[in-house]
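First the structure, in the form of structure tokens, and then the observations on it.
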Amino acid sequence: MPLRLLRFGLGLARPDTRILPLPQELKPHYDVVIVGGGGHGLAAAYYLARQHGITNVAVLDKGYIGGGNTGRNTAIVRSNYLTDDGVRFYAESMRLYQTLSDELDINLMYSQRGHLTLAHTDASIRTMRWRAEVNKHLGVESELIGPDEVARICPQLNLSRDVRYPILGALSHPVGATVRHDAVAWGYARAAGRLGVAIHQGTEVVGFAIEGGRITAVETTRGRIGCGKVLIAVAGRSSLVCNMAGFRLPIRTVPLQACVSQPVKRFLDPIIVSGSLHCYIWQSQRGELVMGGATDPYPLYSTRSTLDFKEGLMAHMLELLPFLGEVKIMRQWAGLSDMTPDFAPVMGKTPLSNCYLTAGWGTWGFKATPASGKAMAACVADDRPPELIAPFRLDRFRELDQLGEAGAASVGH
Amino acid sequence: MKIMPCPLNGPRNIQEFICRGEVRIPPAADASAEAWAEYLFYRENKAGIVREWWCHLPTTFWFIAERDTRTDEIIRTYTFDALDESGSGR
């Protein structure tokens, strides 16, 4: 081994370690154009090529791959949702995540650490019991536990009754995990690229040519591309891109801020969430505490940071883990959440016959990346949404058939 | 602290206010279910200058604010009676 290392170090030959193929010119036509090079768009590109043999595909991103919400979420995956449709969908996504490192040949640092959603009121105990029963019925590991069990799983938590919002119990989800989010984008991009998908970074979509209810071409900052089908996967900018295509969405774009502390010695294993206190925390492999709260109080397309966010977050966080008063914040950022009225995503067909949409991912999109990508690839290839995502159709709002997932959003909004 | 200039209470911490969304004209009471669904759920969600209903919670005072959703600037605020019939501010 040392000899091989020495030879490698002194040698001139270096293996090609590019993740993406070299940038190419835009072709005049692609069978499928995917707008948005985040996790969802790249995953859809990969499954289109892998499962459906459609490889004349272009992924366009105005910035760089994974530079939007894929790199801005707090990397938590779980499936303890409230509606049957939601639980089935997110459970499928976690099933795909569990073997994704092998499939994409990249270390996603999938780390199953357990997920506790704390309850501080009788109302949240009631919702959690409901969630636990729905979850178990559908085969998802999930249980309502009391304060003693919370203390056993996470002794660091302040379980005193002498605080403003004492911990009354928790929804325990032992399979809750964290995944290195950048690697998900890179893994899908590399695998899709190897199957022939073209990934064009720095290519912004500025308009669509529409004839007879179909998109015939996509206008970009690098020129015009003819297209067979179009998939829109642009998260917080969904309304803007869909407005260019001539239809409106039931979505508001609201910033979601998050932060990490300076690194400290490993002390916290599970992911801790409190819906009532609008905060959540877990400790990364680097020792940083990853923390976030509720979305901002009004719609905005700016990723600016606010003192209000940090004050609100810390006031609650210090009640849960008082010793954090000694720890400093190191970095802070924001992403743009595309919020739907029922806190469930929008996946499937659009008013344009060859245009498909995956949007409304609000604050819950990262965990859905593999299932959304796989299902949307099938939807684009077959021109019909698979059963798994049929309930998430855009038309549910016009048909007054919403999903009601607000009770399972990680923190209040 | 971000300041919202309230037409009734003057400049106040924006945490005292709640944003209740775009100013729009509701459909007629006998409009179709689809028209009501459109009104209730669908949004312009513009990146640019928007006109919205805001409420100062301690005084329950409702008013209109114009702000830029790209820059988080509040451009102006005024009371409901300054809206003309077409829905565009005077």
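For the range B:77-89, does any single residue satisfy the condition of being polar (S, T, N, Q), at the interface with another protein chain (Cβ under 8 Å from one of its Cβ atoms) and open to solvent by 40 Å² or more (accessible area, probe 1.4 Å)?
Among the residues of the range B:77-89, not one is polar (S, T, N, Q), at the interface with another protein chain (Cβ under 8 Å from one of its Cβ atoms) and open to solvent by 40 Å² or more (accessible area, probe 1.4 Å), which makes the answer no.
Of the conditions (1) touching a helix residue (DSSP H, G or I) at 6+ places or on another chain (Cβ under 8 Å); (2) closer than 17 Å to A:D382 by Cα; (3) open to solvent by less than 10 Å² (accessible area, probe 1.4 Å), A:R50 satisfies every one except a single condition; which number is it?
(3)
Name the residue, out of A:V230, A:V206, A:V273, that is closer than 20 Å to A:R72 by Cβ, in a strand (DSSP E or B) and at pLDDT 95 or above.
Just one listed residue meets the conditions, A:V273.
Can you tell me which residues in the range A:167-191 are open to solvent by 10 Å² or more (accessible area, probe 1.4 Å) and either aliphatic (A, V, I, L, M) or touching a helix residue (DSSP H, G or I) at 6+ places or on another chain (Cβ under 8 Å) (or both)?
Answer for the range A:167-191, where residues must be open to solvent by 10 Å² or more (accessible area, probe 1.4 Å) and either aliphatic (A, V, I, L, M) or touching a helix residue (DSSP H, G or I) at 6+ places or on another chain (Cβ under 8 Å) (or both): A:L168, A:S172, A:V175, A:H181, A:D182, A:R190, A:A191.
Going through the range A:193-215 one residue at a time, which ones are over 27 Å from the mean Cα position of the chain (by Cα) and either open to solvent by 20 Å² or more (accessible area, probe 1.4 Å) or within 19 Å of A:G38 (Cβ to Cβ) (or both)?
Listed by number, the residues that qualify are A:I210, A:E211, A:G212, A:G213, A:R214.
Evaluate the following for A:L352: is it more than 14 Å from chain B (Cβ to nearest Cβ) and under 28 Å from A:P270 (Cβ atoms)?
The answer is no for A:L352.
Which of the residues belonging to the range B:43-62 are over 20 Å from A:P341 (Cα atoms), open to solvent by less than 80 Å² (accessible area, probe 1.4 Å) and in a loop (DSSP other than H, G, I, E, B)?
B:G48
Looking only at the range B:1-41, count every residue that is within 11 Å of chain A (Cβ to nearest Cβ) and in a loop (DSSP other than H, G, I, E, B) and tell me the total.
Result for the range B:1-41: 3.
Determine which member of the set A:R88, A:R131, A:R95, A:R126 is in a helix (DSSP H, G or I), open to solvent by 70 Å² or more (accessible area, probe 1.4 Å), touching a residue at least 24 places away in the same chain (Cβ under 8 Å) and outside the structural domain of A:Y47 (by TED's automatic domain parsing).
Just one listed residue meets the conditions, A:R88.
Can you name every residue in the range A:264-315 that is open to solvent by 10 Å² or more (accessible area, probe 1.4 Å), without any contact (Cβ under 8 Å) to a residue 40 or more places away in the chain and over 19 Å from A:G362 (Cα atoms)?
Within the range A:264-315, A:K265, A:R266, A:R286, A:L307, A:D308, A:E311, A:G312, A:M314, A:A315 meet the criteria.
Can you tell me how many residues within the range A:9-56 are more than 21 Å from A:L108 (Cβ to Cβ), part of a loop (DSSP other than H, G, I, E, B) and out of contact with any Phe, Trp or Tyr (no Cβ under 7 Å at 6 or more places or on another chain)?
17
State all residues of the range A:190-215 that are farther than 15 Å from A:C242 by Cα and free of Cβ contacts under 8 Å to residues at least 60 places away in the same chain; if no residue qualifies, say none.
Result: A:R194, A:E211, A:G212.
May I ask you to list the residues in the range A:59-83 that are among the β-branched types (V, I, T), in a loop (DSSP other than H, G, I, E, B), modelled with pLDDT of 95 or more and under 29 Å from A:E143 (Cα atoms)?
Answer for the range A:59-83, where residues must be among the β-branched types (V, I, T), in a loop (DSSP other than H, G, I, E, B), modelled with pLDDT of 95 or more and under 29 Å from A:E143 (Cα atoms): just A:T74.
From the list A:Y30, A:Y64, exactly one residue is open to solvent by 30 Å² or more (accessible area, probe 1.4 Å), out of contact with any helix residue (DSSP H, G or I) (no Cβ under 7 Å at 6 or more places or on another chain) and not hydrophobic (A, V, I, L, M, F, W, C). Which is it?
A:Y64
Here is a yes/no grid of residues against (1) over 21 Å from A:E288 (Cβ atoms); (2) open to solvent by 20 Å² or more (accessible area, probe 1.4 Å); (3) in the same structural domain as A:F247 (by TED's automatic domain parsing):
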| residue | (1), (2), (3) |
| --- | --- |
| A:V327 | no, yes, no |
| A:G348 | yes, no, yes |
| A:G373 | yes, no, yes |
| A:P391 | yes, yes, yes |
| A:R396 | yes, no, yes |
| A:G404 | yes, yes, yes |
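Could you grab me the full set of residues in the range A:263-313 that are more than 30 Å from B:V23 (Cβ to Cβ), of a type in the set (D, E) and within 13 Å of chain B (Cβ to nearest Cβ)?
A:E311
Which residue pairs have Cβ atoms closer than 9 Å, lie 6 or more positions apart in sequence or on different chains, and pair a first residue in the range B:42-64 that is under 16 Å from A:L249 (Cβ atoms) and within 11 Å of chain A (Cβ to nearest Cβ) with a second residue that is open to solvent by 10 Å² or more (accessible area, probe 1.4 Å) and assigned to a helix (DSSP H, G or I)?
Taking only residues 6 or more apart or on different chains, the pairs are B:E44/A:N243; B:N45/A:L240; B:N45/A:N243; B:K46/A:L240; B:K46/A:N243; B:A47/A:R237; B:A47/A:L240.
Restricting to the range A:384-405, and then to whatever is more than 16 Å from A:C355 (Cβ to Cβ) and among the charged types (D, E, K, R), can you tell me which residue is nearest to the chain's Cα centre (by Cα)?
A:E405
Could you please find all residues in the range A:225-250 being within 13 Å of chain B (Cβ to nearest Cβ) and under 22 Å from A:G213 (Cβ atoms)?
Scanning the range A:225-250 gives A:V234, A:S238, A:S239, A:L240, A:V241, A:C242, A:N243, A:M244, A:F247, A:R248, A:L249, A:P250.
The values are calculated or read from the model by the stated rules, or taken from the named source; none is laboratory data. Bear in mind the structure is a predicted one, so any value in this text is a computation, not a measurement. Here the Cβ is made from the backbone with ideal geometry for all residues, glycine too, and neighbour counts use every protein chain on show. Just the protein is used for accessible areas: all its heavy atoms, side chains included, with ligands, DNA and RNA removed. Shrake-Rupley method; radii C 1.70, N 1.55, O 1.52, S 1.80 Å.
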